[in-house]
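In what follows, a structure is listed as structure tokens, so that the remarks can point back to it.
The values are calculated or read from the model by the stated rules, or taken from the named source; none is laboratory data. Bear in mind that the values here come from a model prediction, so they are computed numbers and not experimental data. Cβ coordinates were reconstructed from backbone atoms using ideal geometry, including for glycine residues, and neighbour counts include every protein chain displayed.
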Amino acid sequence: MTIFIFLGSLLGAMALGIPIAFSLLLCGAALMWHMDMFDAQILAQNVINGADSFPLLAVPFFMLAGEIMNAGGISRRIVAFAMTLVGHVKGGLGYVAIVAAVLMAALSGSAVADAAALSALLLPMMVAAGHDKARSAGLLASASIIAPVIPPSIGFVIFGVAANVSISKLFLAGIFPGILLAVSLVGTWWWVARKEQVKTPPRKSRAEVLVALKDATFALVLPVIVVVGLKFGVFTPTEAAVVAAVYALVVSTFIYKELKFGQLYHLFLAAAKTTAVIMFLVAAAMVSAWLITVAQLPDEIVALLQPLLDSPKLLMFAIMVLVMLVGAAMDMTPTILILTPVLMPIVKAAGIDPVYFGVLFIINNAIGLITPPVGTVLNTVAGVGKIGMDEVTRGVWPFMIAQFTIMFLMVLFPQLVMVPASWFIN
């Protein structure tokens, strides 16, 4: 009955068009009423406690770093550097998009920010070169969702707080899987674009490569600082977010000199608005998370899934399918906040490593950003690239299937995540 009340109130509120954060609060109130313990003061206290978290301070700073990166010329220099490396290869602009996406992922942690930058910079170039617009938009969308997997990642921060798992370990464990996702895109792009007749730019000289590298050096140093700092315990993920934001600000204003002080207000405002939405979602979700624990809902679900607990791979496969279905209808942040408190007790009961689960969970949620019908990143690419949503959806399928294939390979072979993670974490 408790499960029915939880799902019924949450899905019912969402079906009525109530925003997800308020739906979570209504769900919490319904659970309190069902358990005969309704108290508005407890509700308000849990909302406040939900947002009162030091690790969550990383969110506004990573959002700000992404805004500064796009406005301050950092994204453009990364794309220009990638162009000198692989732009001359047949279908080279697609490989440029993938390389640039990986480099930008190590700067912002936001799929939407990367999607906006890549679409604005590369989609017109790919279309002008003769690539199919829908396929190009699909590649850019798929490449952008590497951002929540490679550190720094806002998704890992939110999951780490909700699941009480080390964010630093999640960051470091996400490096190799993120690269695997990029490799899957390289192979898929080669396959789908091999017969296209496109104009290939001439190979850049070594001098031109060095000039582009020199121009992008300050941008490329940041991910090294973040990874090395986390690896050797120089700073926490929250402090890494501050370092990223301040570094991006200094580079954009004083070194590249493309960001004017008059623009800062709008950048801070944009980052604050996005952060406010995320933080309110987190605060509202913590009410439901607390009540889920009080109602012993995880125990009921563990009992239902008891036959699968002896087979961790089969359990992970079932969980991944569930997350795929939810991710198709819901954005990344609410999916993490709603499912994490329900799934973590099951994962622990089955003896699955929480870091391993967290990496696959975030990969699945990241791919959900390009899964119709919601697909936040699909909408971003469609809006920025001035292309129909149906066209982007048509173009994204091959790349989305490739990334889901990599994810399920990680389910079958956990070593793909845990062995490389041990190189960085230990």
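Values computed for the structure shown
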{"item": "Residue in region 208-219 that is surrounded by the most Cβ atoms within 10 Å (Cβ to Cβ), counting only those that are aliphatic (A, V, I, L, M), over 14 Å from Ser252 (Cβ atoms) and touching a helix residue (DSSP H, G or I) at 6+ places or on another chain (Cβ under 7 Å)", "result": "Ala212"}
{"item": "Members of region 221-236 found to be in contact with a Leu (Cβ under 7 Å, 6 or more places away or on another chain) and either without any contact (Cβ under 8 Å) to a residue 40 or more places away in the chain or crowded, with 16+ Cβ neighbours inside 10 Å (or both), listed by number", "result": "Leu222, Pro223, Leu230"}
{"item": "Considering residues of region 332-379 that are closer than 30 Å to Ala137 by Cβ and polar (S, T, N, Q) only, the residue surrounded by the fewest Cβ atoms within 10 Å (Cβ to Cβ)", "result": "Asn379"}
{"item": "Ala141 modelled with pLDDT of 90 or more, part of a helix (DSSP H, G or I) and within 26 Å of Val282 (Cβ to Cβ)", "result": "yes"}
{"item": "Residue among Gly130, Gly94, Gly138 that alone is surrounded by 24 or more Cβ atoms within 10 Å (Cβ to Cβ), more than 20 Å from the chain's Cα centre (by Cα), over 22 Å from Ile255 (Cβ atoms) and not charged (D, E, K, R)", "result": "Gly94"}
{"item": "Region 29-49, subset part of a helix (DSSP H, G or I) and in contact with a Leu (Cβ under 9 Å, 6 or more places away or on another chain), residue surrounded by the most Cβ atoms within 10 Å (Cβ to Cβ)", "result": "Leu31"}
{"item": "Every pair of residues 6+ apart whose Cβ atoms lie under 8 Å, when the first sits in region 270-285 and is farther than 23 Å from Leu10 by Cβ and in contact (Cβ under 8 Å) with a residue 12 or more places away in the chain while the second is surrounded by 23 or more Cβ atoms within 10 Å (Cβ to Cβ) and of a type outside the set (S, T, N, Q)", "result": "Ala270/Glu67; Ala271/Met63; Ala271/Leu64; Ala271/Gly66; Ala271/Glu67; Thr274/Met63; Thr275/Val59; Thr275/Met63"}
{"item": "Selection from region 256-275 of residues that are closer than 19 Å to Gly73 by Cα and surrounded by 14 or more Cβ atoms within 10 Å (Cβ to Cβ)", "result": "Tyr256, Glu258, Leu259, Gln263, Leu264, Leu267, Phe268, Ala270, Ala271"}
{"item": "Output for region 149-169, where each listed residue is within 21 Å of Ala113 (Cα to Cα) and part of a helix (DSSP H, G or I)", "result": "Ile154, Gly155, Phe156, Val157, Ile158, Phe159"}
{"item": "Filtered residues of region 72-100 (kept if in contact with a Ser or Thr (Cβ under 7 Å, 6 or more places away or on another chain) and in a helix (DSSP H, G or I))", "result": "Ile74, Gly92"}
{"item": "Evaluation of Gly351 against (1) touching a Leu at 6+ places or on another chain (Cβ under 6 Å); (2) not in a helix (DSSP H, G or I) (one fails), failing number", "result": "(1)"}
{"item": "Selection within region 381-397 - crowded, with 24+ Cβ neighbours inside 10 Å and either at pLDDT 85 or above or in a loop (DSSP other than H, G, I, E, B) (or both)", "result": "Val381, Val392, Gly395, Val396"}
{"item": "Residue selected from region 398-426 under the condition assigned to a helix (DSSP H, G or I) and not hydrophobic (A, V, I, L, M, F, W, C), by the criterion modelled with the lowest pLDDT", "result": "Ser422"}
{"item": "Residue pairs meeting the criteria (Cβ under 7 Å; at least 6 apart or on separate chains; first in contact (Cβ under 8 Å) with a residue 60 or more places away in the chain and within 19 Å of Pro124 (Cα to Cα), in region 94-113; second outside any helix (DSSP H, G or I) and among the hydrophobic types (A, V, I, L, M, F, W, C))", "result": "Tyr95/Val89; Ala101/Ile146"}
{"item": "Unique match (being buried (at least 20 other Cβ atoms within 10 Å of the Cβ) and not in a loop (DSSP other than H, G, I, E, B)) among Leu10, Leu57", "result": "Leu10"}
{"item": "Some residue of region 173-184 being among the aliphatic types (A, V, I, L, M) and over 30 Å from Lys90 (Cβ atoms)", "result": "yes"}
